[in-house]
Structures are given as structure tokens and as C-alpha cells.
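The values are calculated or read from the model by the stated rules, or taken from the named source; none is laboratory data. The structure presented is a predicted model; accordingly, all values stated were derived computationally and were not measured. Glycine also receives a Cβ, built like all others from the backbone with ideal geometry; neighbour counts cover every protein chain displayed. Note: areas computed on protein heavy atoms with side chains; ligands, DNA, RNA excluded. Shrake-Rupley method; radii C 1.70, N 1.55, O 1.52, S 1.80 Å.
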Amino acid sequence: MLASHITQHFNLTLALSCLLFAVSQFNYGFDNQAFATTQAMDAFDKQFGEYSSATKTWAIPAYFLSLLNSLNYIGFAVGS
């Protein structure tokens, strides 16, 4: 009895809505991971970072990385 009651409310619109939510969550995670991977590239560090003569490496300052990783959430909130 319960199974037939649930299936009568399941239709194509509900299935497509669930699919849209699932794909949206995938894209959200994929977007954040792509940006984090970009920050880890040596070319990105050399282009936007500062050179440390003590360690002889390029690095992006921590405050700038924190801004890069947090300011995109403002865009998510405004775009929602």
C-alpha cells in the first residue's frame, strides 16, 4: 500500500528536478576544486606571488589566498 502511494506522486518533473539538484551540487564542488588546483600551480605562484630570497621560491601571501578562497562565496550568495 505504501509503495503504490509513493509511486503515484513520482513523475518526470520530479525526476528532472532531482537530477538538476544533483548536477548543481556536482558543479559546485567541481568549480571549487578547479580553483584550488589552479592556486597550487607553480606558474600561478610566479605570476601572482612574491619571491622569497631566503627560500628561493615564489609564494602567494596567506592573506591573499584567504581572500581568493573566501570572496567567491559572496558571489555565490548574490547569484543565488
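Quick look at the values:
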| read-out | value |
| --- | --- |
| Selection from segment 8-56 of residues that are open to solvent by 90 Å² or more (accessible area, probe 1.4 Å), among the hydroxyl-bearing types (Ser, Thr, Tyr) and either assigned to a helix (DSSP H, G or I) or in contact (Cβ under 8 Å) with a residue 40 or more places away in the chain (or both) | Thr13, Tyr28 |
| Among residues of segment 57-73, those that are open to solvent by less than 60 Å² (accessible area, probe 1.4 Å) and either of a type outside the set (S, T, N, Q) or touching a residue at least 24 places away in the same chain (Cβ under 8 Å) (or both), counted | 6 |
| Complete set of residues in segment 4-47 that are touching a Ser or Thr at 6+ places or on another chain (Cβ under 9 Å) and aromatic (Phe, Trp, Tyr) | Phe44 |
| Index of the failed condition, Ile74 passing every other in (1) within 23 Å of the chain's Cα centre (by Cα); (2) modelled with pLDDT of 85 or more; (3) among the β-branched types (Val, Ile, Thr) | (2) |
